[in-house]
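**Student:** Let me begin by handing over the structure; questions about it come next.
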Amino acid sequence: MKHDHSSLQSQTTVAQASNSVKKLHHAVTQAMSHPTPEMLEQANKRLMRAENAVAVASQQLDYRGTEFAEEILSEEKERLATLHASLASKKPDDY
């Protein structure tokens, strides 16, 4: 029975990290479509939450099962950094 609980906990931890990364993807997509300060702030907050969720999952599970979430997290960080760089090169009146 203990093994089942451990397996369920692992699945839940990975699912939480995955869900957090999915929410980050949505927030970054929204910020790219509507690059307002509010949308950027929301995406930045989602990034922090996703980083935390993936870190917790990786630590608890010794990195087992978190590879996909880590990969997507990395991609979303790049997308958000590209958006920030693009907006930094524009004047505030441009968006």
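The values are calculated or read from the model by the stated rules, or taken from the named source; none is laboratory data. These figures come from a predicted structure and were not determined experimentally. When we count neighbours, we look across all protein chains shown, and the Cβ atoms used for this are built from the backbone with ideal geometry, even at glycine. The protein model used for the area step is the full one, side chains on, heavy atoms only, and it has no ligands, DNA or RNA in it. Shrake-Rupley method; radii C 1.70, N 1.55, O 1.52, S 1.80 Å.
**Student:** From Ser58, Ser20, Ser33, Ser7, grab the single residue that is at pLDDT 95 or above and open to solvent by less than 50 Å² (accessible area, probe 1.4 Å).
**Tutor:** On the way: Ser58 fails: at pLDDT 95 or above; Ser33 fails: open to solvent by less than 50 Å² (accessible area, probe 1.4 Å); Ser7 fails: at pLDDT 95 or above.
Selected residue: Ser20, the only one of Ser58, Ser20, Ser33, Ser7 that is at pLDDT 95 or above and open to solvent by less than 50 Å² (accessible area, probe 1.4 Å).
**Student:** Go through the stretch 30-79 and give me each residue that's over 18 Å from Thr12 (Cα atoms), in contact with a helix residue (DSSP H, G or I) (Cβ under 8 Å, 6 or more places away or on another chain) and part of a loop (DSSP other than H, G, I, E, B).
**Tutor:** Pro35 - this is the single residue of the stretch 30-79 that is over 18 Å from Thr12 (Cα atoms), in contact with a helix residue (DSSP H, G or I) (Cβ under 8 Å, 6 or more places away or on another chain) and part of a loop (DSSP other than H, G, I, E, B).
**Student:** Let me ask something additional. Please verify whether Ala27 is farther than 22 Å from Thr12 by Cα, modelled with pLDDT of 95 or more and assigned to a helix (DSSP H, G or I), treating the condition exactly as stated.
**Tutor:** When the stated conditions are applied, Ala27 passes them.
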